[in-house]
Structure formats: C-alpha cells, structure tokens
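J.: I'd like to ask you about the structure that follows.
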Amino acid sequence: MTTDSPPEPTRGPTPDRLHRAPTAFRRWRRTRPFWAAVWTGLGGFVIFFLPMAPLGKILQVGVGGIAGMAGGVLLMAMALLILLLPGQRHTAGVIAVIAGVASFPLSNLGGLFMGMFLSVLGGSMAFAWLPEKPVKRRRPGRITPSAEPPVPLGSGSA
C-alpha cells in the first residue's frame with residue numbers, strides 16, 4: 001500500500017495546449033476558404049446594418065430596408081456555408097456574388113458600395129479557392145530519374 005495521495009487534476013488549459021491552439025487553428029483555416037468567408041460575412045454585415053436606423057427612419061425606407069436586411073442575412077449565411085462546408089464553395093460563392101450585386105439597387109447602393117464590394121470579393125474568392133494538394137513524399141530506397149548516374153560520353157558503339 002502506498003502513502004502517496006492521488007495526483008490532483010489540473011484545472012484549465014495547460015501551457016502546452018495554449019501553444020498548440022494557434023497552430024491547430026492555422027491548420028484548420030488552411031483547409032477551407034477562410035478569407036473568402038470573412039469578406040463575404042463582412043459585406044453582409046455592412047449591407048444588413050446600414051438600413052438599421054431608428055424606427056422612424058426604417059418606416060420611411062420601407063421595402064428597401066427590408067430587402068437590405070434580407071440580402072445581408074443571406075450574405076452572412078453564405079459566409080457561414082463557405083466556412084463550414086468548403087465543398088459547397090462554388091454554389092455559395094455564386095450566390096454571394098449575385099446577392100452582392102443585387103444589393104446595389106435594393107439596399108442603399110449596396111451598403112454604400114463597401115458591402116457590395118466586399119461580398120463580390122468574398123464570393124469570387126470562394127469560387128476560385130482550391131484546396132492544397134498534400135505534398136508527395138518520396139519513399140526511401142526508390143531511385144528517381146534525377147538520382148541516376150550520368151552516362152559517360154563515347155561509351156556507345158558506333
């Protein structure tokens with residue numbers, strides 16, 4: 001029988017986990033169109049919150065304010081779709097570009113051009129994004145064409 005007390009559980013994150021967190025986030029971020037989602041979401045945020053004003057102003061804006069809010073919500077939803085389901089990036093990117101361009105006549109000149117520009121930029125980045133191909137590793141012991149010894153000149157028969 002031992003007289004040692006059982007070790008106390010550690011509370012909170014250990015320093016090792018804190019140092020691994022940025023690396024894990026960086027690895028996760030590189031497997032999806034992260035910046036496309038950020039720009040699309042930011043464009044949707046601008047388009048959504050520009051029509052938000054005191055109630056008296058919203059009643060004067062009317063349908064334009066409602067269309068701006070709907071477009072902003074749609075763009076923020078596409079940003080989440082781009083970020084969480086990178087396989088659907090083409091569809092979400094096209095919808096984001098269309099919603100961004102449609103915000104120009106529907107919502108205060110597309111969030112005073114800034115929301116429209118950001119959503120079109122993010123949607124086009126999402127459409128164009130390609131996942132990184134894994135690096136092919138060479139198997140040890142395998143001879144590659146560059147590793148073959150050179151053939152001396154004049155060794156052939158004439």
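The values are calculated or read from the model by the stated rules, or taken from the named source; none is laboratory data. Remember, predicted model here, so these are calculated numbers, not experimental data. Glycine also receives a Cβ, built like all others from the backbone with ideal geometry; neighbour counts cover every protein chain displayed. The area values use the complete protein model at the heavy-atom level, side chains included, leaving out ligands, DNA and RNA. Shrake-Rupley method; radii C 1.70, N 1.55, O 1.52, S 1.80 Å.
J.: Report the accessible area of Val38, computed with a 1.4 Å probe over the heavy atoms of all protein chains in place, in Å² rounded to the nearest 10.
T.: Around 50 Å² of this residue is reachable by solvent.
J.: Let me ask something additional. Rolling a 1.4 angstrom probe over the protein chains, ignoring ligands and nucleic acids, what is the accessible area of Met78 in square angstrom, nearest 10?
T.: Taking all protein chains as shown, Met78 has close to 20 Å².
J.: For Leu84, put the label point 7 Å out on the Cα→Cβ axis and report which residues of the range 28-47 keep their amide N under 19 Å from it.
T.: Answer for this model: 28-45.
J.: While we're here: Place the peptides 20-26, 88-94 in order of packing, highest mean first, counting for every residue the other Cβ atoms within 10 Å and averaging per peptide.
T.: 88-94, 20-26
J.: With every protein chain present, what accessible area does Ile98 have (1.4 Å probe, heavy atoms only), rounded to the nearest 10 Å²?
T.: About 110 Å², rounded to the nearest 10.
J.: Then there's this: On a full-extension model of 0.36 nm per residue, what is the gain between Arg138 and His19, subtracting their alpha-carbon distance, rounded to one decimal in nm?
T.: Value of the extension gain: 39.8 nm.
J.: Using r as the Cβ-Cβ distance of Trp28 and Val73, and R0 as 35 Å, what FRET efficiency do you calculate, to the nearest 0.05? The partial results should precede the final answer.
T.: Working: r = 26 Å, r/R0 = 0.73.
Working from the Cβ atoms, E equals 0.85.
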